[in-house]
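Just below is one structure, and these are the notes that go with it.
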Amino acid sequence: MREKLLHTAQVKALINKVAGFEMPEGNPRLKKIIERVVTDLMRTIEDFDVSPTEFWAAASYLEKVGQSHEMGLLVPGLGIEHFLDLRLDQEEREAGLTGGTPRTIEGPLYIEGAPLSKGEARLDQDPETGEVLFMDGQVKDSHGNPVPGAIVDVWHANTAGWYSHFDPSQTPFNLRRRIETDADGKYKFRSMLPKGYGVPPDGPTNELLAAIGRHGKRPAHVHFFVSAPGYRKLTTQINIDGDEYLHDDFAFATRDELIPAITHHTDTAEIHARGLNEPFATITFDFTLHKEAADLPAAVVERAHAA
Ligand code: DHB
Ligand code: FE
């Protein structure tokens, strides 16, 4: 068998220099991380006999991901965003924090500053055909007490699976609202039932997924940030039950506790009572927040958002 270059003094010395170990300046932890990443990359090249042509194809692929602003798609697609969630879950468990509404990935499509209202909101401002959704629930603490004044920041795709801001055909903040819970910790909104999302078919994320035999589809879902003073911010989503991708999410965000029952109402009297002419759907979902405490990992993830 051929000698592993990675084990030679020559390559070890190279990595040592690459990681800045010979320099007193710089961040020691970062040096170690760079050493590990570069070593792992070299090991992959060596173990899989990656040719220079293949390597440069990978480098220009990553350049294309950045140019297409698809880092936020590739990260969940590779399971890393879910892995980061699993790590936070683990750290919380180790700190004795259990129960509460599970977190799941933020995804790349949040926009800050959605209109704020008290108690209730209507999310759909652009005309669409589809099923009207009424969703309501309560924000509670871990003892089941209501949390009034919590902010439920909600965003989701339209009936075609596209998000406002990223889809220029929608008006700003369509299907994005912040709702402050009332004195009973309750929120409610009217919207349109979203459709599942798929990564852009011609983008680099889909290119990689297709090359490894995967799809880039997500089940229909609704995103939430739920926050209140003194409580840990919750980043989560609910999935729309019955979606064909419910347990086949390319971003690995589905969790069993995040699939609330959905009721489709077809009774004419009920439909008219809501001021509608077509069947509609209802979902009730409560959020349970944990109290903030020392020695817990940061629940707020600092992350650049499109604006
Ligand atoms: C992606 C899209 C989403 O709507 C989401 O919630 C998570 C990830 C994506 O394109 O990667
Ligand atoms: Fe999404």
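The values are calculated or read from the model by the stated rules, or taken from the named source; none is laboratory data. The shown structure was predicted, so the numbers you read here are calculated from the model rather than taken from an experiment. Every residue, glycine as well, gets a Cβ built from its backbone with ideal geometry; the counts of neighbours run over all protein chains shown. The area values use the complete protein model at the heavy-atom level, side chains included, leaving out ligands, DNA and RNA. Shrake-Rupley method; radii C 1.70, N 1.55, O 1.52, S 1.80 Å.
Centre-to-centre separation between the Cα atoms of segment 112-128 and those of segment 243-307: 16 Å.
Sequentially through segment 158-166, phi angles give Karplus couplings (6.51, -1.76, 1.60; θ = phi - 60°) of 7, 6, 9, x, 10, 9, 4, 6, 7 Hz, Gly and Pro residues having no value and appearing as x.
Entry comment: accessible area of segment 7-152 is 62 Å² per residue, from protein heavy atoms only and a probe of 1.4 Å.
Over the C-alpha trace of segment 160-307, radius of gyration and Dmax come out as 17.9, 54 angstrom. Applying both filters, DSSP loop and at most 10 other Cβ atoms within 10 Å, to the GluC sites (Glu not before Pro) of segment 241-281 gives 244. Given contacts defined as C-alpha pairs under 8 Å and at least six residues apart, what's the relative contact order of segment 103-240, whole-number percent? Normalised by residue count, the contact order of segment 103-240 is 32 percent.
For the cross-link pairs 32/140; 17/217; 64/118; 188/217; 64/217; 31/217, which exceed 32 Å when the distance is taken from alpha carbon to alpha carbon? Among 32/140; 17/217; 64/118; 188/217; 64/217; 31/217, the Cα-Cα distance tops 32 Å for 32/140; 17/217; 64/118; 31/217.
The per residue volume of the convex hull around the alpha-carbon atoms of segment 22-180 is 224 Å³. Here residue 3 and residue 83 are evaluated by their C-beta separation; at R0 = 35 Å the FRET efficiency comes out at 0.55.
Each Cα pair under 8 Å and six or more residues apart adds its sequence gap; the mean of these over the residue count of segment 170-307 is a relative contact order of 17 percent. Length gained on full extension, residue 286 to residue 116, computed as 0.36 nm times the residue gap minus the Cα-Cα distance: 59.2 nm.
Expressed as a whole percent, the accessible surface of segment 28-127 that belongs to carbon and sulfur atoms is 60, based on a 1.4 Å probe. Between residue 33 and residue 202, the FRET efficiency estimated from the beta carbon spacing at R0 = 41 angstrom works out to 0.75. Each Cα pair under 8 Å and six or more residues apart adds its sequence gap; the mean of these over the residue count of the chain is a relative contact order of 21 percent. If the chain linking residue 68 and residue 142 were pulled fully straight, counting 0.36 nm for each residue of separation and taking away their Cα-Cα distance, it would gain 22.5 nm.
What number comes out for the charge environment of residue 198, summing +1 per Lys or Arg and -1 per Asp or Glu over other residues with Cβ under 14 Å away? Net charge in that neighbourhood comes out at -4.
Note on residue 214 and residue 59: with the Förster distance fixed at 25 Å, the Cβ-Cβ geometry gives a FRET efficiency of about 0.70. Accessible surface area normalised per residue over segment 186-252 is 40 Å², counting heavy atoms of protein chains with a 1.4 Å rolling probe. Neighbours of residue 208, meaning other residues whose beta-carbon lies under 11 angstrom from its beta-carbon, give a summed charge of 0 when Lys and Arg score +1 and Asp and Glu score -1. Surface composition of segment 210-295: carbon and sulfur atoms hold 49% of the protein heavy-atom accessible area at a 1.4 Å probe. Can you name the helices of the chain, as whole DSSP H runs, whose Cα span along the helix axis is 15 Å or more and whose Kyte-Doolittle mean is not below -1.0? Once both thresholds are applied, what remains is 28-47, 52-67. For segment 273-307, applying the loop criterion from DSSP together with a ceiling of 11 other beta carbons within 10 Å to the trypsin sites (Lys or Arg not before Pro) yields 303. Karplus-based coupling profile of segment 230-244, in residue order and whole Hz: x, 10, 6, 4, 9, 10, 8, 8, 10, 9, 8, 4, x, 5, 5, with θ = phi - 60° in 6.51 cos²θ - 1.76 cosθ + 1.60 and x standing for Gly or Pro. For residue 22 and residue 307, the difference between the fully extended length at 0.36 nm per residue and the C-alpha to C-alpha distance is 98.5 nm.
3J(HN,Hα) couplings calculated from phi for segment 261-273 with the Karplus curve 6.51 cos²θ - 1.76 cosθ + 1.60 (θ = phi - 60°) are, in sequence order, 4, 10, 10, 9, 9, 10, 5, 4, 5, 5, 4, 5, 4 Hz; Gly and Pro show x.
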